[in-house]
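Below is one structure, written out as structure tokens, with a few remarks after it.
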Amino acid sequence: MDHPYIYILILCVGLIAGAYLFNLASRFFRGKDYQNRAEFAQFSEAEAEALLQRHGYNIIGKHVRANVITNVDGQDHLGYVACDYLVQKGKKTYVAEVKSGQLGIDPTEPATRRQLLEYDYVYKPDGLLLVNMLDQKIYSVKFSFPKYASDSLIVKIAAIAIIALLLFILIWMGYQLRVRF
């Protein structure tokens, strides 16, 4: 073993074998992490159902899909939106979104807000619920949009125009009555 090429060859084989073993180990642990998260999500789903029922909600549907057509450059693409639960309390229907991790439990967080807005638009429920499994709480979420000065100006102008038209009609009718008598 006096040749330096043999040492380089052994080093290269060792590096390749080490990289291969590292890749196998990382896949194994990533798979376990995914499996643990999936098991936690299933556990949270059963817990979420129980939590909703304890708060008086009846579950009407689970993973309910609604079709959505997205038109891109004149071409329709069929897709769907799926909510975690459709629930009912009294005569009102709600979409319930379950969050069990650290991410997404805040309805003001952009991704969660967009998701809830999408549900509100597609399902048109009486209300939206965010089920926080970490705190075991159910939050009611509502959206409203600020009114802009230009919106109220248009309404004021339209009201003034209608009132002016009604006054004109009344004055014209009064004039017509005077002319006849």
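Quick note: the coordinates plus some simple rules give every number you see, no bench work behind them. Quick caveat: nothing in here was measured; it's all calculated off a predicted structure. Cβ atoms come from the backbone with ideal geometry, glycine included; neighbour counts cover every protein chain shown.
Between L153 and K92, residue separation times 0.36 nm minus the direct Cα-Cα distance comes to 18.4 nm.
Counting Lys and Arg as +1 and Asp and Glu as -1 over every other residue whose Cβ lies under 14 Å from the Cβ of G79, the net charge comes to -1. Calculated on the alpha-carbon coordinates, the convex hull of segment 36-141 measures out at 113 cubic angstrom per residue. Report the trypsin sites (Lys or Arg not before Pro) located in segment 65-144 that are in a DSSP loop and have at most 14 other Cβ atoms inside 10 Å of their Cβ, or state none. For trypsin sites (Lys or Arg not before Pro) across segment 65-144 that sit outside H, G, I, E and B with at most 14 neighbouring Cβ atoms in 10 Å, the list reads K91, K142. Computed over neighbours whose Cβ is under 15 Å from that of Q136, the net charge equals -1, Lys and Arg +1, Asp and Glu -1. The separation of segment 129-173 from segment 70-94, counted between C-alpha centres, amounts to 26 Å. Sparsely packed loop sites in segment 78-151 (the chymotrypsin sites (Phe, Trp or Tyr not before Pro) outside DSSP H, G, I, E and B with at most 13 other Cβ atoms within 10 Å) comprise F143, Y148.
Exceedance of the 22 Å cut-off in Cα-Cα distance is limited, within the set K89/K142; K91/K147; K99/K147, to K91/K147; K99/K147.
Taking Cβ atoms as reference points and 13 Å as the exclusive limit, the residues near T112 contribute a net charge of -3, counting Lys and Arg as +1 and Asp and Glu as -1. Rg then Dmax, both in Å and based on the Cα atoms of segment 82-135: 10.9, 33.
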